[in-house]
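Peer 1: The following block contains the structure, expressed as structure tokens.
The values are calculated or read from the model by the stated rules, or taken from the named source; none is laboratory data. Because the structure is predicted, anything quoted here is derived from the model rather than measured. No Cβ is skipped: glycine too gets one built from the backbone with ideal geometry, and neighbour counts run over all protein chains shown. Each accessible area value is taken on the protein alone, full model and side chains, heavy atoms only, with ligands, DNA and RNA left out. Shrake-Rupley method; radii C 1.70, N 1.55, O 1.52, S 1.80 Å.
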Amino acid sequence: CVVSGTNVTPPHSTIRPGFPVPVNTNSPEVRKAARFGVYRYNNSSNDLFLFKESQIEKAMVQIVRGLKYMLHVEIKRTVCEKRDHSSLDSCHFQRDKNLQRMLRCYFEVWITPWTHKVQIPVAHCH
């Protein structure tokens, strides 16, 4: 079904397993998946400060034995130091121009809700 030149999935359509589809970047599930990607980045970086997602630019989801999110996320350095083990929700972005840093990341976050497992096979930031 085509509406004003854009493809629109008919409401009775079912998402086929294995086929990635765009998903709302503001949905709670996408935000949660992005946060998992950020945790993975923070755990592997040797930066003194924690980073946090500032913008989710694009999100896709694929049904493969759970939900696999493919996310393009912008992350920025916060004022929270890693050693403080702060909650990212209470960490504000750096205001000091010399300490500000922004990275663009691609995360793949695979969530299997029935086993409560989260895997992040891909986390590339530059």
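Peer 1: Relative contact order, percent, of segment 20-125 when contacts are C-alpha pairs under 8 Å separated by at least 6 residues?
Peer 2: So the answer I get is 26 percent.
Peer 1: Between residue 19 and residue 112, with labels modelled 7 Å along Cα→Cβ, what's the label distance in nm to one decimal, could you check?
Peer 2: Modelled inter-label distance: 2.5 nm.
Peer 1: Leaving ligands, DNA and RNA out of it, work out the accessible area of residue 63 with a 1.4 Å probe and give it in Å² to the nearest 10.
Peer 2: Rounded to the nearest 10, that gives 60 Å².
Peer 1: Here is a follow-up. With respect to the cross-link table entries 32/97; 68/117; 58/97; 58/117; 76/117, which display a Cα-Cα separation exceeding 20 Å?
Peer 2: 32/97; 58/97; 58/117; 76/117
Peer 1: What do you get for the angle between helix 28-44 and the principal long axis of the chain? Use alpha-carbon atoms, 0 to 90 degrees, nearest ten.
Peer 2: In the chain, helix 28-44 runs at an angle near 40 degrees to the longest axis.
Peer 1: Over all Cα pairs of the chain, how is the pair count split among 5 Å bins, expressed in % and running from 0 up to the last occupied bin?
Peer 2: 2, 11, 19, 20, 17, 12, 8, 6, 4, 2, 0
Peer 1: List the longest stretch of the chain that has no exposed loop site; here a site is one of the trypsin sites (Lys or Arg not before Pro) assigned by DSSP to anything other than H, G, I, E or B, with at most 11 other Cβ within 10 Å.
Peer 2: 1-64
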